[in-house]
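Just so it is clear, none of the values below were taken in a lab; they were calculated from the coordinates. Please read these numbers as outputs of a predicted model, since none were measured by experiment. Quick reminder, even Gly has a Cβ in these numbers, built from the backbone with ideal geometry, and neighbours come from all protein chains shown.
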Amino acid sequence: MEIGATGLDEGRILIAGCGYVGAELARRLVGDGVEVTGLGRRAEAPLEAIDWIRGDLADRDSLTELATRGFDAAVFAASPSSPDETGYRRIFTEGLGNLIDALAAASPAPKRLLFTASTAVYGQTDGEWVDEDSPTKPPRYNGRILLQAERLLEAAPFTTSSLRLGGIYGPGRTRLIDQVRRGDASLDPGPPQFTNRIHRDDAAGALRHLLGVESPASVYLGVDSDPAARNEVTRFLAERLGVPCPAVADAPAPRRAGSKRCRNTRLLRSGYHFAYPSFREGYGEMIERL
Ligand SMILES: NC(=O)c1ccc[n+]([C@@H]2O[C@H](COP(=O)([O-])OP(=O)(O)OC[C@H]3O[C@@H](n4cnc5c(N)ncnc54)[C@H](OP(=O)(O)O)[C@@H]3O)[C@@H](O)[C@H]2O)c1
């Protein structure tokens, strides 16, 4: 595996936050022959084949070991421990800031840092198409804090890219399937409510791909090619599960994610090929395996 402009045949990569996506990325990189080090608060690595640093991104003193290791690239894929504003700040501004400082102090410093942001940075609500250049006016603290994190990235002393991920689904993340199967889902009344998602394997696949892109952009949308109306997804799941189509609700379900259609053209043009270009392939496979 060659890490972008570094021209290395083999890289040493740090993955800070080895959860659903981070551990899958680690598995793929190990398969490429890359030396992977994970960082997280748990005592042991989530997979045997990687080196492990026990550390808390929110506690800068626990990251001193990073300065003594040389990484060619780093990936931040940690998520908030609590979904409130304090949890978001702790990981995305304090945690990311601590990681940038620790990596900047390392010798050599990494050439590249990838960050997992979210489509919550957008505030559009009327089904507008958005891309990386669209206005970002998030209505809630989560999107605002992620934009602050992206500003920290811009100021970092190495190349950085932010991958704004849609809702991540895949093996084990079956909330929507379970709702439809249990008969707990309903259809939205009124205009289509658009949703954006990405399969775990494509989230990890896109990060791996971006590690190898020669001159990456500072921001990419990490969503599949089909920003579908929520009702379309629900109807598809009901049909594939062989359960009755849910009824239309009396009132629209409260949605914090707005309604927008995120375009993945930049990621596609950079050469990434989706394993699951839409929810049909992704959820279809998950349902077959139930
Ligand atoms: N889930 C979604 O639908 C979604 C949508 C858009 C964007 N994202 C973003 O995509 C990224 C990956 O998401 P995911 O679903 O893979 O997350 P996840 O499964 O919740 O994993 C996050 C990892 O971060 C680690 N972590 C949390 N706090 C930490 C800390 N203070 N120090 C070190 N490690 C810490 C956790 O490990 P320990 O607890 O063991 O430390 C965990 O392994 C995250 O940045 C998330 O915010 C997710």
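In table form, for the structure just shown:
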item: Dipole magnitude of the chain, debye to nearest 20 (Cβ charges: Lys/Arg +1, Asp/Glu -1, about Cα centre); result: 660 debye
item: Arg12 long-range amide H proximity, modeled H, under 5 Å; result: Asp72, Ala73
item: The chain: relative contact order as a whole-number percent, Cα under 8 Å and 6+ apart; result: 18 percent
item: Overall form of the stretch 171-233 per C-alpha gyration tensor (a/c, 1.5; a/b vs b/c); result: oblate
item: Cα→Cβ-extended label distance, 7 Å offset, between Gln179 and Val248, nm; result: 1.9 nm
item: For the stretch 79-223, with +1 on Lys and Arg beta carbons and -1 on Asp and Glu, the positive-most of Ala106, Thr159, Leu221 along the dipole; result: Ala106
item: For the stretch 80-101 versus the stretch 214-235, the gap between their alpha-carbon centres in whole angstrom; result: 24 Å
item: For Gly222, residues with placed amide H under 5 Å, excluding near neighbours; result: Arg164, Leu165, Gly166
item: Gain upon complete extension [Arg235, Tyr141; 0.36 nm per residue less C-alpha separation]; result: 30.7 nm
item: Computed FRET value (nearest 0.05) for Arg289 with Glu44, which takes r as the C-beta separation and R₀ as 41 Å; result: 0.90
item: Average Cα contact separation per residue, the stretch 29-158, under 8 Å, 6 or more apart, as relative contact order %; result: 22 percent
item: Beta bridge orientation in the stretch 132-290: antiparallel %, DSSP, nearest 5; result: 20 percent
item: Magnitude of the charge dipole, the stretch 112-159, Cβ model with Lys/Arg +1 and Asp/Glu -1, debye to 20; result: 320 debye
item: Semi-axes of the equivalent ellipsoid for the chain, Cα gyration tensor, largest first, Å; result: 34, 20, 18
